[in-house]
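A short write-up of the structure that comes next.
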Amino acid sequence: MSSNAITIPGNQIQSRPWVDELHQWVTTVDHKRLGILYILSALLFLTIGGVEALVIRIQLMHSHNNFVSPEVFNSMFTMHGTTMIFFVAMPVLFGFANYLVPLMIGARDMAFPRLNAFSFWLSFLGGLLLYFSFLGGSGLYGAGSAPDVGWWSYAPLGARAFSPGHSSDYWTLSLLVSGFGSIGTAINIIATIVSLRCPGMKISRMPLLVWMNLVMAGMVLIAITPLSAAQIMLLIDRYLGGHFFDTQAGGSAVLWMHFFWIFGHPEVYVLIIPCFAFMSEIIPVFSRKPIFGYPVMVAATVCIAFVSMSVWAHHMFTIGMNSYANSFFTLTTMAVGVPTGIKIFNWIGTMWGGRIQFKTPMLFSIGFLFQFLVAGLTGIMMAASPFDWQLSLSYFVVAHFHYVIVGGILFALFAAFYYWYPKMTGRMLSERLGKWHFWLFLIGFHLTFDVMHIPGVLGMPRRIYTYEPGRGWDTLNLIISIGAFIQAIAILVFVANLIISYFKGAKAGNDPWDAWTLEWSTSSPPLAYNFATVPTVSSRRPLWDLKHPEDPDSRYE
Amino acid sequence: MSVVTTSFPNTAPGWQLPSRGKVAMAGLIIAESAIFTIFVVAYLFYLGKSLTGPAPREVLETPIFYTICLLSSSLTIHFAAKFLARGIKFAFLGFWLLTIALGGLFLYGTAQEWHRLIYEHGLTISTNLFGTTYYSLVGLHGFHVTAGLVMLLTVAVLGLCGHIGIKQSGHIEALSMYWHFVDAVWVVVFTVVYVLGR
């Protein structure tokens, strides 16, 4: 085998002045750089959103606390929710999709590189716009600053009368702008996967990560757009005197809830499906076995995508829908557990009998499996509408969805970071710091979110600013807050690991994990053109075929 | 910097995938359909819920002529794209300009209708729920027609300068997909607003 890097005369290696370097990053249309920009912007907002979470936890640490004012507290939980969903989870997952999808299908870039850059800058500027509200939110009226009406901005709270000034406008516009960015990226991902696969990469041979990102992108097209539509309606209400959500003129507050949750629930799956994708790549590699039940995994993903489009009103059991609607949404919500369960069994089936290597990515993956299962089980509990009537809008719900988002999505993301960081930078993340990160975060996570279910059952409502002593909530809240700080320390360890390993980490080489997908066949970090010669594949594990010419997978297809 | 050391056997002739432009346009159409669906749902949900007048029955007139204009523009753009694919540039330009004229006529019709509603019947977007939902749904569609016309005009200018040839056929087909979509949406909006809504 001859070396097949394209030799470009000139200065690939020479260092440039930092202004040039910065200019290159800002004007880049390379999918790998944009992927990293997505991830870095998400890490920036993760830090901000994390600080907001800590402010919330300090305020709730004991009864009658007044660490911050009620107004600040309201804007903290609003900004925390909005930031984490739209400016952390979405960008970081798009970042990984951007980085990995072209590499995994043997393409040299996304289908539309400039649209890709445009979409990234839209999302990022959307985030900046949201945070500019801290400065510009009071507007001409001198009232309010950051949005403070909850991340779902229920009508009529979003109306002029209840959020004067411009705080809600910043919220609306930032979500609209970043929503357009998401749609652009989703279209790009779909076009890339459909049209740029390398020869031999039939859809039945695509890595599961690619499959699941295709499904995710399809869901973005259908799920993010209702939010954009609802935001346009809200803008019409606020600026043109429309009456969509104006109950005084016959408008309906419930319609806003429907529109928001038609976006909101599929959004959860938009976030979790790429995490399923990470699991489906990482677990096989560290179990030294191919994924168990590939076609079933694909079918289950598509099935989840379909069913999740019809479950949204389980967020609205307490508004008093009729019994048919309640039964329908209870049944669909429980039905979504079936394909999800199939996936969990498949991952366990992959691990079963494998030679499992407990490297950091695998530790986070196992954490994901366990916690996502528990999160799913409390989800099934809440799906039963009578149970939901009792516990909706309590801390039980907060615990449930943080179990999904932190215990599921964030753990999967950490696994992805440890797994693909060597490819992105050429250096391994430190295993020792990684183990510290894992165990600290695991302990902090369980202290916070296991315990958080209990005050919910005891009747502590979500979003309250403070509470009376003697209700049995004090100790529990203190434990929850301590857990939050342990998680914050773990994140610091993680960030330190990212920075230290970038300079001092062990050299990774092309394929540090002995993996099987195409991204590991090229250099780490890959050159701008990814592959000197576009690869041709003949099975689901092209690198296995290369490494084991005597026993290739293609023989069994 | 390390180099790529893995090489793959070069085989697989006849590997054909769909054009990325058409796939992307299909994606955009799906996304836009979802946006329109939400506005249509809002329109239907608020039918007859306005607390004050005027009601749709009293003020709306069915714009049959302008509807025919818009729908036939789908036909003309189809012919234009077909002629371009066969390399007959003159016919392409002719049908393309006809499409623009028909689209422009439709927009004129909308403008006239809005003028009548605002100045004769005093219906604005803030009058009542009907006004809010009507102007936003028809306006959203009108916005898409306008955006389409801007793109069509760009192509027309490029075409008149002689920059559009058989090579651009794929792009033109993607653009005509968008225009067909705008027409299809009008069928839905027409049905909802002027047939069911009265």
Can you pull the Rg over Rh of region A:296-339, Cα-only, Kirkwood? 1.07
Contact order relative to length for region A:130-283, counting C-alpha pairs under 8 Å separated by 6 or more residues, stands in percent at 25 percent
Principal axis lengths of region A:256-329 from Cα atoms, whole Å, largest first? 51, 20, 16
Only Lys, Arg (+1) and Asp, Glu (-1) charged, at Cβ; chain B dipole about Cα centre in debye: 460 debye
Euclidean distance between Cα centres, region B:136-164 to region A:22-73, Å: 40 Å
Could you tell me how far the Cα centroid of region A:222-270 sits from the Cα centroid of region A:388-459, in Å? 30 Å
What is the sum of charges, Lys and Arg at +1 and Asp and Glu at -1, for the other residues whose Cβ falls under 12 Å from the Cβ of A:Leu235? 0
Over region A:296-421, what portion of Cα pair distances is larger than 21 Å, expressed as a whole percent? 47 percent
Scalar couplings 3J(HN,Hα) for region A:394-399 by Karplus 6.51 cos²θ - 1.76 cosθ + 1.60 (θ = phi - 60°), nearest whole Hz, x for Gly and Pro, are 10, 5, 4, 5, 4, 4
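Using the per-residue mean of other Cβ atoms lying within 10 Å as a proxy for protection, in what order, highest first, do the peptides A:100-107, B:47-54, A:160-167, A:16-23 fall? Could you put the intermediate results ahead of the total?
Numbers: A:100-107: 25.9, B:47-54: 14.6, A:160-167: 17.8, A:16-23: 9.9.
Top of the packing list down: A:100-107, A:160-167, B:47-54, A:16-23.
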For chain B, averaging the sequence separation of alpha carbon pairs under 8 Å that lie six or more residues apart and dividing by its residue count, the contact order in percent is 33 percent
Tell me, what HN-Hα J-couplings in whole Hz come from the Karplus equation 6.51 cos²θ - 1.76 cosθ + 1.60 at θ = phi - 60° for each residue of region A:187-201, using x for Gly and Pro? 4, 5, 4, 4, 4, 4, 5, 6, 10, 10, 5, 6, x, x, 7
To the nearest 20 debye, what is the magnitude of the charge dipole of region A:30-552 about its Cα centre, counting +1 on the Cβ of each Lys and Arg and -1 on the Cβ of each Asp and Glu? 1220 debye
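For chain B, what does -39500 (n - 2.57) per DSSP helix run (n ≥ 4), summed and divided by total residues, give at 222 nm, in deg cm²/dmol to the nearest 500?
Value at 222 nm, helices only: -24500 deg cm²/dmol.
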Sum up the charges of everything whose Cβ sits under 14 Å from the Cβ of A:Leu209, counting Lys and Arg as +1 and Asp and Glu as -1, but leave A:Leu209 out. +4
Take the Cα gyration tensor of region A:85-188, multiply each eigenvalue by 5, square-root it, and list the three semi-axes largest first, rounded to whole angstrom. 34, 12, 10
Over the Cα atoms of region A:154-311 the radius of gyration and the largest Cα-Cα distance (Dmax), both in Å, equal 19.6, 63
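Between rounded, prolate and oblate, where does the protein assembly as shown land on the alpha carbon gyration tensor, with a ≥ b ≥ c its root eigenvalues, rounded for a/c under 1.5, else prolate if a/b exceeds b/c?
Values: a/c = 1.81, a/b = 1.11, b/c = 1.64.
Oblate, because a/c is 1.5 or more while a/b does not exceed b/c.
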Is the C-alpha gyration tensor of region B:35-79 telling us rounded, prolate or oblate? Criteria: a/c under 1.5 is rounded; beyond that, a/b larger than b/c is prolate, otherwise oblate. oblate
Under 5 Å, built H, 5+ apart or other chain: amide partners of A:Ser394: A:Arg462
By the Cα gyration tensor axes a ≥ b ≥ c (a/c under 1.5 gives rounded; else a/b larger than b/c gives prolate, otherwise oblate), the shape of region A:410-557 is prolate
Short version: ³J(HN,Hα) in whole Hz for each residue of region B:40-55, in order, from phi by Karplus 6.51 cos²θ - 1.76 cosθ + 1.60 (θ = phi - 60°), x for Gly and Pro, what are they? 5, 4, 4, 4, 5, 4, 8, 4, x, 9, 5, 7, 10, x, x, 8
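Tell me what chain A gives for mean residue ellipticity at 222 nm when only DSSP H runs of n ≥ 4 count, each as -39,500 (n - 2.57), the sum divided by the residue total, rounded to 500 deg cm²/dmol.
Working: 17 runs with 349 residues, N = 557.
Estimated from H runs of four or more residues: -21500 deg cm²/dmol.
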Based on alpha-carbon atoms only, what is the radius of gyration of region B:41-198 relative to the globular estimate 2.2 N^0.38 Å? 1.19
The relative contact order of chain A, taking Cα pairs under 8 Å that sit 6 or more residues apart, comes to a percentage of 16 percent
Quick query: amide H of A:Arg427 versus all other amide H atoms, modeled in the peptide plane; which residues come in under 5 Å with a sequence gap of 5 or more or a different chain? A:Ala508
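So, counting K/R as plus one and D/E as minus one, what does the shell of residues with Cβ under 15 Å around B:Gln112 add up to? Mind dumping the intermediate values first?
Values: positive: B:Arg116; negative: B:Glu61, B:Glu113, B:Glu120.
My count for the surroundings of B:Gln112 gives -2.
A short reminder: the numbers here are calculations on the coordinates, not readings from a lab. What you see is a predicted model; the values in this text were computed from it and never measured. FYI the Cβ positions are ideal-geometry reconstructions off the backbone, even for glycines, and counts take in every protein chain you see.
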